[in-house]
Amino acid sequence: MGQGRQHGLSAEQKADIWRRWKLGESLQEIGRAFDKNHGSIQFMLSKNGGIAPAVRQRSQRTLTLGEREEISRGIASGSSIREIAKGLERPASTVSREVVRNGGRSVYRASEADQRAWRSALRPKACRLARHRKLRLIVAGKLIRDWSPEQISGWLKRRYPNNESMRVSHETIYRSLFIQARGVL
């Protein structure tokens, strides 16, 4: 599952860098082996504090590339969502969500859907308040006026009924308040 290439290195190359680092090779030696500057190797290693990150694995609950290819073939053959789901032994709602999430029946492509799912599963993710300036300013303004997170969340739902991007749960607001390292609010 070597998805993507960060710093021009495949997942296999990164694993080899970590293996070499663990064996005690110098940054210069590792850099030469991959035709990279030792500073680039140091940057990659230091992002994780010098400790190899856990290998990413697909959750048992998520669709596999093979299942996505079956969905694509089913769509191409004109099968219904229910027929495709039955063949995969998955709920029809799962298959339907997958197809809609990836452009619908007319543009669904298994490999693109799989890459998108793999990218969106990356953690940690910045919370909605960190990503959405307008929402963050509104929430901060309400907090300054002594509104509770529950009141803010409820008000946002009523104020922006058709705009999902302008909603945030009270749990997210609490999390942003109590996790100082985020510096969101």
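Of all residues in the range 48-70, those that are of a type in the set (S, T, N, Q) have Cβ atoms under 7 Å from Cβ atoms of residues that are in a loop (DSSP other than H, G, I, E, B), 6 or more apart or on another chain, in Thr64/Arg58.
Yes/no per residue for (1) under 13 Å from Ile75 (Cα atoms); (2) among the small types (Gly, Ala, Ser); (3) in a loop (DSSP other than H, G, I, E, B):
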position: Arg90; (1), (2), (3): no, no, yes
position: Val95; (1), (2), (3): yes, no, no
position: Val100; (1), (2), (3): yes, no, no
position: Ser106; (1), (2), (3): yes, yes, yes
position: Ser111; (1), (2), (3): no, yes, no
position: Trp118; (1), (2), (3): no, no, no
position: Leu122; (1), (2), (3): no, no, yes
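For the range 131-163, give me each residue that is of a type in the set (D, E, K, R) and modelled with pLDDT of 90 or more. Those that are of a type in the set (D, E, K, R) and modelled with pLDDT of 90 or more: Arg133, Lys134, Arg136, Lys142, Arg145, Asp146, Glu150, Lys157, Arg158, Arg159.
So which residues in the range 13-44 are at negative phi and either of a type in the set (Gly, Ala, Ser) or touching a residue at least 60 places away in the same chain (Cβ under 8 Å) (or both), if there are any at all? Even if it seems obvious, please write down each step before you answer.
Step one: filter the range 13-44 for residues at negative phi, giving 13-23, 25-34, 36-44.
Result: Ala15, Ser26, Gly31, Ala33, Gly39, Ser40.
When you scan the range 50-65, do you find a residue that is exposed (fewer than 14 other Cβ atoms within 10 Å of the Cβ), part of a helix (DSSP H, G or I) and out of contact with any Leu (no Cβ under 9 Å at 6 or more places or on another chain), even just one? No, the conditions are met nowhere in the range 50-65.
The values are calculated or read from the model by the stated rules, or taken from the named source; none is laboratory data. Quantities reported herein were computed from a predicted structural model and do not represent experimental measurements. Every residue, glycine among them, receives a Cβ derived from its backbone with ideal geometry; neighbour counts consider all protein chains shown.
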